[in-house]
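Below is one structure, written out as structure tokens; the observations come after it.
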Amino acid sequence: VRVVMDCCAQEKQFNPFYAYVLQRFVAHGKNTRSAVVQRFGDCFQTLSESEQRRLTNIALLMSHVIAKGVLSLSMFKAVGFESLDGRSLEFFRVLFLNLLLDAEPSSIGTIFGRIASQRDLESLSDGLTLFLYLFINRELRPRFVEELLARRRPIEKTRNQEAEAWLTRQELELKGRT
């Protein structure tokens, strides 16, 4: 798994061959699935140090594997979407834009529905909702994210206040970089 992900990351352009190889590995055993999730965690820890090519290739690899239903979005439950730095933000923008634009329309509801219906993934669902709304919604048709996550229960008033504060901090940080 490590070799496949490292080779994919080093390519000049994303090569879907590695995604299909990884897909086959994961299909053959639960241990491989956990190895992929663990390796992704390792890659996520070093995103701030990664060059753009590596970041994009790993994002596209993960997008493909999630779109094919091999892995679930629940693998991101340890990610704090409210405190992403610039490189992590770019990584997840590439991943989710690719996932939403290239996946089969019929599978998108299933992909997001898996986490929306699980009570123990409530914080992941809230974080993804906020992230998709703030950073992905502009590239898609109006109200797409709201429709996609319509099965989710509404965010409480306190969470809306937290979301507004987070949005303000992110906008200030992004303005400071330009």
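The values are calculated or read from the model by the stated rules, or taken from the named source; none is laboratory data. It should be emphasised that the depicted structure is a prediction, and the values quoted were computed from it without experimental measurement. No Cβ is skipped: glycine too gets one built from the backbone with ideal geometry, and neighbour counts run over all protein chains shown. Just the protein is used for accessible areas: all its heavy atoms, side chains included, with ligands, DNA and RNA removed. Shrake-Rupley method; radii C 1.70, N 1.55, O 1.52, S 1.80 Å.
Exactly one of these conditions fails for ILE108: (1) in a helix (DSSP H, G or I); (2) at pLDDT 85 or above; (3) among the hydrophobic types (A, V, I, L, M, F, W, C). Give me its number.
(2)
Kindly provide the set of residues from the stretch 25-76 that are among the charged types (D, E, K, R) and either open to solvent by less than 50 Å² (accessible area, probe 1.4 Å) or touching a Gly at 6+ places or on another chain (Cβ under 9 Å) (or both), ordered by number.
The first filter runs over the stretch 25-76 and keeps only residues among the charged types (D, E, K, R), leaving 30, 33, 39, 42, 49, 51, 53-54, 68.
Across the stretch 25-76, the qualifying residue is only ARG39.
Out of all the residues in the stretch 1-20, which are among the basic types (Lys, Arg) and either modelled with pLDDT of 90 or more or outside any helix (DSSP H, G or I) (or both)? Working first, answer last.
Our first condition is that a residue be among the basic types (Lys, Arg); within the stretch 1-20, this holds for 2, 12.
The answer is LYS12, and nothing else.
Applying the selection to the stretch 1-52, what residues are among the hydroxyl-bearing types (Ser, Thr, Tyr) and within 19 Å of the chain's Cα centre (by Cα)?
Quick first cut of the stretch 1-52, residues among the hydroxyl-bearing types (Ser, Thr, Tyr) only: 18, 20, 32, 34, 46, 48, 50.
Matches in the stretch 1-52: TYR18, TYR20, SER34, THR46, SER48, SER50.
Evaluate the following for GLU90: is it among the charged types (D, E, K, R), surrounded by 14 or more Cβ atoms within 10 Å (Cβ to Cβ) and either at pLDDT below 90 or over 18 Å from the mean Cα position of the chain (by Cα) (or both)?
Values: among the charged types (D, E, K, R): yes; surrounded by 14 or more Cβ atoms within 10 Å (Cβ to Cβ): yes; either at pLDDT below 90 or over 18 Å from the mean Cα position of the chain (by Cα) (or both): yes.
Considered against the rule, which asks whether it is among the charged types (D, E, K, R), surrounded by 14 or more Cβ atoms within 10 Å (Cβ to Cβ) and either at pLDDT below 90 or over 18 Å from the mean Cα position of the chain (by Cα) (or both), GLU90 comes out as yes.
Can we say LEU100 is within 20 Å of ILE136 (Cα to Cα), in contact with a Pro (Cβ under 9 Å, 6 or more places away or on another chain) and not hydroxyl-bearing (Ser, Thr, Tyr)?
No; evaluated as a whole, the condition is false for this residue.
Residues of the stretch 29-76 being under 21 Å from GLU90 (Cβ atoms), modelled with pLDDT of 85 or more and among the small types (Gly, Ala, Ser), which ones?
Selection gives ALA59, SER63, ALA67.
Across the stretch 21-59, which residue is nearest to SER74 (Cα to Cα) among those that are assigned to a helix (DSSP H, G or I) and of a type in the set (Ser, Thr, Tyr)?
Restricting attention to the stretch 21-59, the residues satisfying the condition of being assigned to a helix (DSSP H, G or I) are 21-27, 30-45, 47-49, 52-59.
This time we only want the ones that are of a type in the set (Ser, Thr, Tyr), so: 32, 34, 48, 56.
Numbers: THR32: 16, SER34: 12, SER48: 22, THR56: 21 Å.
Once the filter is applied, the top-ranked residue is SER34.
Among SER125, SER117, which is the only one that is small (Gly, Ala, Ser) and either on the phi > 0 side of the Ramachandran plot or buried (at least 20 other Cβ atoms within 10 Å of the Cβ) (or both)? Break it down into steps so the answer makes sense when it comes.
Values: SER117 fails: either on the phi > 0 side of the Ramachandran plot or buried (at least 20 other Cβ atoms within 10 Å of the Cβ) (or both).
Only one candidate qualifies: SER125.
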